[in-house]
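Engineer: Just dropping this structure here.
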Amino acid sequence: MGGSLKTEAIVLRSIRYGEADRILHLYTPHHGRLGAIAKGVRRARSRFGARLEPYFHVRVVLHLGRGELHTVTGADTVSTHAGLRGGAASLDAAARSCDALARLFDSGEGHPEVFRLLANRLALLSSDPIHALPATGLAFRLKLLLAAGILPQLASCAGCGSPEDLRGFSAAAGGVVCGSCQAGAFPLSHEAYRFLVGAVGRPLARAPEASPMALRQVERAIAETAEHHAHVRLRPVLSGVSGV
């Protein structure tokens, strides 16, 4: 391939490699997921070692290799999202958000809107630990499903098209279902339904609230949609989802 690439990126993951190197998983606006090696980055005198930590928003210069792994030749920091380091909950939420994005968008295809969504998610987590609550994490995942083109149908029954009596969810059918079409679906409370609709329509910073039971139903709907339509299994935000 050869040549070089200058791009913004968010460091999804960093893995130690050899004595002083790191393998980086990057997400970029116009080239999707990229793998890169940062040589010597763990040495004390590395010129950009501290700029390539997980969840950093950076500008990088990559030397494009013939394989899937490129080489970092330059890096500047846009944002360290320093507030993430202040609490375990925020760090865990950042890790799960990056993991969900990496599973749903694992190609080299560019999605600038997905990059902006992740940058916004990390900035919110850094600014206030309240955004580490499960509701915002689930709202983020719904917006990922929307960007991936697999957002479930919410306005009317996915089985018959009726806008009334929406009381179940079926990933196989494609979304919410009414009482007449709920065979094979799991029950969806009105509160969970309101959350699904509200989370899609509101900015991430204003994700709606819901009870733990409703959020478990929401997470099950998201997980089953991702698995059925994208063949992706997402790490849970909440525990006990399978028991809904």
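Engineer: Please specify each residue of the range 165-174 satisfying the condition of being closer than 14 Å to Leu196 by Cβ and crowded, with 21+ Cβ neighbours inside 10 Å.
Structural biologist: Leu166, Gly168, Phe169, Ser170, Ala171, listed by residue number.
Engineer: Of the numbered conditions (1) buried (at least 16 other Cβ atoms within 10 Å of the Cβ); (2) touching a helix residue (DSSP H, G or I) at 6+ places or on another chain (Cβ under 9 Å); (3) assigned to a loop (DSSP other than H, G, I, E, B); (4) of a type outside the set (A, V, I, L, M, F, W, C), Ser162 satisfies every one except a single condition; which is it?
Structural biologist: Unmet for Ser162, out of (1) buried (at least 16 other Cβ atoms within 10 Å of the Cβ); (2) touching a helix residue (DSSP H, G or I) at 6+ places or on another chain (Cβ under 9 Å); (3) assigned to a loop (DSSP other than H, G, I, E, B); (4) of a type outside the set (A, V, I, L, M, F, W, C): (1).
Engineer: Have a look at Ala119, Ala139, Ala147, Ala94 and point out the one that is more than 22 Å from Arg33 (Cβ to Cβ) and part of a helix (DSSP H, G or I). Walk me through it before giving the result.
Structural biologist: Details: Ala119 fails: more than 22 Å from Arg33 (Cβ to Cβ); Ala147 fails: more than 22 Å from Arg33 (Cβ to Cβ); Ala94 fails: more than 22 Å from Arg33 (Cβ to Cβ).
Ala139 is the lone residue from the list that is more than 22 Å from Arg33 (Cβ to Cβ) and part of a helix (DSSP H, G or I).
Engineer: I would also like to ask the following. Which condition number in (1) outside the structural domain of Tyr17 (by TED's automatic domain parsing); (2) on the phi > 0 side of the Ramachandran plot is the one that Leu138 fails?
Structural biologist: So Leu138 meets the others, but not (2).
Engineer: Condition check: over 24 Å from Val237 (Cα atoms), at pLDDT below 95 and among the β-branched types (Val, Ile, Thr). Does Val41 satisfy that? Spell out the reasoning first.
Structural biologist: Values: over 24 Å from Val237 (Cα atoms): yes; at pLDDT below 95: yes; among the β-branched types (Val, Ile, Thr): yes.
Here the answer is yes, as Val41 does meet what is asked.
Engineer: On to the next question. Pick from Ala199, Ala172: which is closer than 16 Å to Phe140 by Cβ and touching a residue at least 40 places away in the same chain (Cβ under 8 Å)?
Structural biologist: Step by step, each of Ala199, Ala172 is checked, and only Ala199 is closer than 16 Å to Phe140 by Cβ and touching a residue at least 40 places away in the same chain (Cβ under 8 Å).
Engineer: Here's another thing I want to ask about it. For residues that are polar (S, T, N, Q) and either without any contact (Cβ under 8 Å) to a residue 12 or more places away in the chain or crowded, with 23+ Cβ neighbours inside 10 Å (or both), tally how many sit in the range 114-155.
Structural biologist: Looking only at the range 114-155, we keep the residues that are polar (S, T, N, Q), and these are 120, 126-127, 136, 153.
From what's left, either without any contact (Cβ under 8 Å) to a residue 12 or more places away in the chain or crowded, with 23+ Cβ neighbours inside 10 Å (or both): 136.
Residues meeting the conditions: 1.
The values are calculated or read from the model by the stated rules, or taken from the named source; none is laboratory data. What you see is a predicted model; the values in this text were computed from it and never measured. Cβ atoms come from the backbone with ideal geometry, glycine included; neighbour counts cover every protein chain shown.
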